[in-house]
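The values are calculated or read from the model by the stated rules, or taken from the named source; none is laboratory data. Worth saying up front: this structure is predicted, and the values here are computed from it rather than measured. FYI the Cβ positions are ideal-geometry reconstructions off the backbone, even for glycines, and counts take in every protein chain you see. These accessible areas exclude ligands, DNA and RNA; they are computed on the full protein's heavy atoms, side chains included. Shrake-Rupley method; radii C 1.70, N 1.55, O 1.52, S 1.80 Å.
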Amino acid sequence: MQPVLSLNGISKSYGRIHALKNVSFDVPEGAVFGLLGPNGSGKTTMLSIILDILKADTGSFAWFGLPGAPETRQRIGSLLETPNFYHYLSAVDNLTITSAISSRGNAEDIDRVLEIVKLSERKKSKFSTYSLGMKQRLAIGAALLGDPQVLVFDEPTNGLDPVGIAEIRELIKVLAKRGKTIIMASHLLDEVEKVCTHVAILKRGHLLTAGEVDIVLANEDIVEVSSNNLDQLLSVLEKFPGHTHIKQDGKLVQLFLPVGTARLEEINRFCFEKGITLNLLLVKKKSLETKFLELTND
Ligand code: ATP
């Protein structure tokens, strides 16, 4: 299937600062694609390039397989910075202005958008009376005007409290269910892991990895094991065939094996035959945070 977005060797420098170095990846249709990276890794620069706000020094990108086609812009909604809403106007009035300026959507569309971002009940209230979460939902609503196929968000949960973050997460899930492709930069790894199907990790302008979240995470199996005598357990597991390494984590031992090779019954039998009764044995999924720290640590 044709990717919604293809990046090919994108590089960008600001004077002597190399913000992006030869970055290439594809965003498949229907993906919730998380762009991750520490501060200053090039996420905003990347989003600005694909939205034609900045020009890449070298490399190219294509939306819907159409390089440099300005008409594709109408199919993309974006939220890079919080829009300048008028504090003394209502949500409806603010979106009416945004819609007129951007030539996207109409009165009917504004009602549809307010429904999606769950602001219908407060649509006549002044913007100044909104919570931070509501303001951010209205900003996302503005990006939804005209019903674009693709949505690009830069740190959509920035500055929100846990409730606000959860609301945006639910909203992103709703949009994904409606078939939208979503590209979002974030530094909230846990959030990205909860909503994203795909991820790209940047570090100082280099792409470290990109692909389906499960594949990026699953390059090894981790089995957590525990018993009353940890020293004895460690020395026995050292001899378990096929493992790559072992780590002690508090009262647990983590046994690392090549992906797809963890067999709990074999580990259990092996330990039992050496006189060890296990009181814990489970496969642990690596969190995106662990993977991210592993990749971005020097
Ligand atoms: P953050 O998470 O902090 O927003 P980011 O991953 O979005 O960071 P960018 O904002 O793209 O990263 O910045 C990448 C690098 O380019 C950084 O070193 C930054 O200081 C630099 N940079 C960004 N914009 C400019 C600019 N207009 N002029 C000079 N340097 C810039």
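Values computed for the structure shown
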{"quantity": "Listing of strands (runs of 3 or more DSSP E) fully contained in region 181-256 that carry 3 or more residues being open to solvent by less than 40 Å² (accessible area, probe 1.4 Å)", "calculated": "181-186, 198-203, 220-227"}
{"quantity": "Restricting region 71-82 to residues that are open to solvent by less than 40 Å² (accessible area, probe 1.4 Å) and in contact with a helix residue (DSSP H, G or I) (Cβ under 6 Å, 6 or more places away or on another chain), the residue that is nearest to residue 176 (Cα to Cα)", "calculated": "77"}
{"quantity": "Some residue of region 290-297 being over 30 Å from residue 174 (Cα atoms) and within 16 Å of the ligand (Cβ to nearest atom)", "calculated": "yes"}
{"quantity": "Residue match in region 83-92 (condition: within 16 Å of the ligand (Cβ to nearest atom), within 25 Å of the chain's Cα centre (by Cα) and in the same structural domain as residue 187 (by TED's automatic domain parsing))", "calculated": "no"}
{"quantity": "Some residue of region 30-39 being in the same structural domain as residue 198 (by TED's automatic domain parsing), more than 23 Å from residue 169 (Cα to Cα) and either open to solvent by 10 Å² or more (accessible area, probe 1.4 Å) or away from the ligand (no atom under 13 Å from the Cβ) (or both)", "calculated": "no"}
{"quantity": "The one condition in (1) within 16 Å of the ligand (Cβ to nearest atom); (2) surrounded by fewer than 16 Cβ atoms within 10 Å (Cβ to Cβ); (3) farther than 26 Å from residue 296 by Cα that residue 15 fails to fulfil", "calculated": "(3)"}
{"quantity": "Failed condition for residue 55, given (1) part of a loop (DSSP other than H, G, I, E, B); (2) over 25 Å from residue 187 (Cβ atoms); (3) away from the ligand (no atom under 16 Å from the Cβ); (4) open to solvent by 80 Å² or more (accessible area, probe 1.4 Å)", "calculated": "(3)"}
{"quantity": "Residue in region 107-117 that is out of contact with any helix residue (DSSP H, G or I) (no Cβ under 8 Å at 6 or more places or on another chain), in a helix (DSSP H, G or I), among the aliphatic types (A, V, I, L, M) and surrounded by fewer than 20 Cβ atoms within 10 Å (Cβ to Cβ) present", "calculated": "no"}
{"quantity": "Some residue of region 150-163 being away from the ligand (no atom under 16 Å from the Cβ), under 19 Å from residue 210 (Cβ atoms) and of a type in the set (Val, Ile, Thr)", "calculated": "yes"}
{"quantity": "Selected residue (criterion: nearest to residue 65 (Cα to Cα)) from residues of region 141-169 that are open to solvent by less than 30 Å² (accessible area, probe 1.4 Å) and more than 16 Å from the chain's Cα centre (by Cα)", "calculated": "148"}
